[in-house]
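Nothing in this text is a laboratory measurement; each read-out follows from the coordinates by a stated rule. All figures in this text were calculated on a predicted structure; none of them were measured in a lab. Quick reminder, even Gly has a Cβ in these numbers, built from the backbone with ideal geometry, and neighbours come from all protein chains shown.
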Amino acid sequence: MVSSGVSALFDAGETVGMGIPCYPSYRQILKAMSLQVKGLRTDASTGFQPRPDQISDDLAGVILASPANPTGTMIQESALADIAAACTARNVALISDEIYHGLHYDAPAISALQVTDQAYIINSFSKYFSMTGWRLGWMVVPEAHLRVVERLAQNMFICAPHAAQVAALGALSPEGRAELDENRAVYAKNRLLMLEGLRKAGFDRLAPADGAFYIYADISAFDWPAQDMAQALLNEAGVAVTPGLDFDPDEGHRALRFSYARSTEDIEEGLARITAFMARHRK
Ligand SMILES: Cc1ncc(COP(=O)(O)O)c(C=O)c1O
């Protein structure tokens with residue numbers, strides 16, 4: 001999905017910006033397509049989302065993700081509108097990854113289409129629809145770009161797998177939606193358990209867990225490189241967490257991503273193990 005959008009929008013050598021930390025495959029896809037990647041450093045003050053003043057003339061495009069991976073944070077409507085306006089003013093293409101839409105725990109995420117009709121929207125059945133691996137997604141593109149995308153996409157994959165399309169129709173049915181909303185209720189419960197349990201275990205610098213199913217923790221207080229801490233958690237407690245390095249090559253050694261897309265029993269067990277692990281290592 002992303003590669004069709006990217007090849008429709010950009011020429012080799014151009015520069016595309018994205019907030020760091022970010023979903024790592026974007027950096028790799030862009031590099032593989034001979035594009036330059038410009039990381040836009042984000043921090044807790046903007047919920048790890050880029051700022052409008054980071055949209056500069058050297059960019060051909062910018063990729064946003066809200067809710068984001070790895071942070072789970074969402075961009076506010078006014079900030080999104082300001083970024084869209086900055087993109088229009090500087091002739092920068094806006095790609096909005098909305099793949100975690102539907103997985104919010106308070107107000108729903110804002111779509112870029114609510115603030116502009118000039119964005120490329122990327123979405124997929126992989127997250128809210130729980131169809132990771134079925135390789136089905138969609139894009140919404142400005143009317144004027146439709147034929148370009150159609151011509152490129154039909155060369156890249158001709159058509160999405162038929163079985164996946166039939167399964168997706170099931171997911172969109174009222175019964176399917178009811179099941180998916182039950183999943184979301186499980187994530188909502190897990191999220192609260194995680195926020196409470198991680199804080200009790202000593203992780204008190206957490207990004208706002210607005211959506212998706214991730215919690216991003218700043219672990220700088222422990223003075224323990226994320227890679228090593230994640231390895232120790234796996235070896236000693238049997239709990240898999242993701243060190244931040246892949247999402248953020250410069251600062252990610254001070255961050256861990258926790259996922260709560262499991263059953264509540266697993267989350268309770270995982271939190272108990274993390275708490276015991278942390279208590280052992282504090283001594
Ligand atoms: C922000 C983001 N975008 C895109 C993807 C790709 O998802 P898929 O290729 O399964 O549709 C992921 C997967 O983790 C993601 O986190």
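Numbers below:
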quantity	calculated
In Hz, Karplus ³J(HN,Hα) per residue of region 114-128 (6.51, -1.76, 1.60; θ = phi - 60°; x = Gly, Pro)	6, 10, 7, 10, 10, 8, 9, 9, 10, 8, 7, 8, 6, 10, 3
Cα-based shape type of region 2-172, given that a ≥ b ≥ c are square roots of the gyration tensor eigenvalues and the cut on a/c is 1.5	oblate
Region 2-172, relative contact order [Cα under 8 Å, separation at least 6], %	18 percent
Charge context of Ile219, other residues only, Cβ under 14 angstrom, K/R +1, D/E -1	-1
Derived scalar couplings ³J(HN,Hα) [region 86-102; Karplus, 6.51 cos²θ - 1.76 cosθ + 1.60; whole Hz; x for Gly, Pro]	5, 5, 5, 4, 9, 6, 10, 6, 9, 10, 10, 7, 10, 5, 9, 4, x
Computed helical MRE - 222 nm, the chain, DSSP H runs ≥ 4 contributing -39500 (n - 2.57), nearest 500	-12000 deg cm²/dmol
Gained length - Ala178 relative to Ala163, 0.36 nm times residue gap less alpha-carbon distance	3.3 nm
Inter-centroid distance (Cα atoms) of region 207-283 relative to region 67-84, Å	23 Å
Likely footprinting exposure, Thr88, Thr116, Thr71, fewest C-beta neighbours within 10 Å first	Thr88, Thr116, Thr71
0 to 90° range, to nearest 10: angle between helix 162-172 axis and the chain longest Cα axis	70 degrees
Paramagnetic reach from Gln227 in region 26-53 [backbone N under 19 Å; point 7 Å along Cα→Cβ]	28
Theoretical gain in end-to-end length, Ala12 to Asp53 [0.36 nm per residue, Cα-Cα removed]	12.3 nm
Charge sum, other residues only, whose C-beta stays under 14 Å from Leu234's C-beta, Lys/Arg counted +1 and Asp/Glu -1	0
Förster radius 30 Å - calculated FRET efficiency between Arg262 and Arg135, Cβ distance, rounded to 0.05	0.85
Cα-based helix-to-principal-axis angle, 174-201 vs the chain, degrees rounded to 10	50 degrees
5 angstrom amide H check on Ser124, placed H, neighbours 5+ away	Trp138
Full-stretch length increase - Lys189, Thr275 - with 0.36 nm per residue and alpha-carbon distance subtracted	29.1 nm
Karplus-derived HN-Hα couplings along region 66-80 (A = 6.51, B = -1.76, C = 1.60, θ = phi - 60°), whole Hz, x at Gly and Pro	8, x, 9, 10, x, 7, x, 7, 10, 7, 7, 4, 5, 5, 5
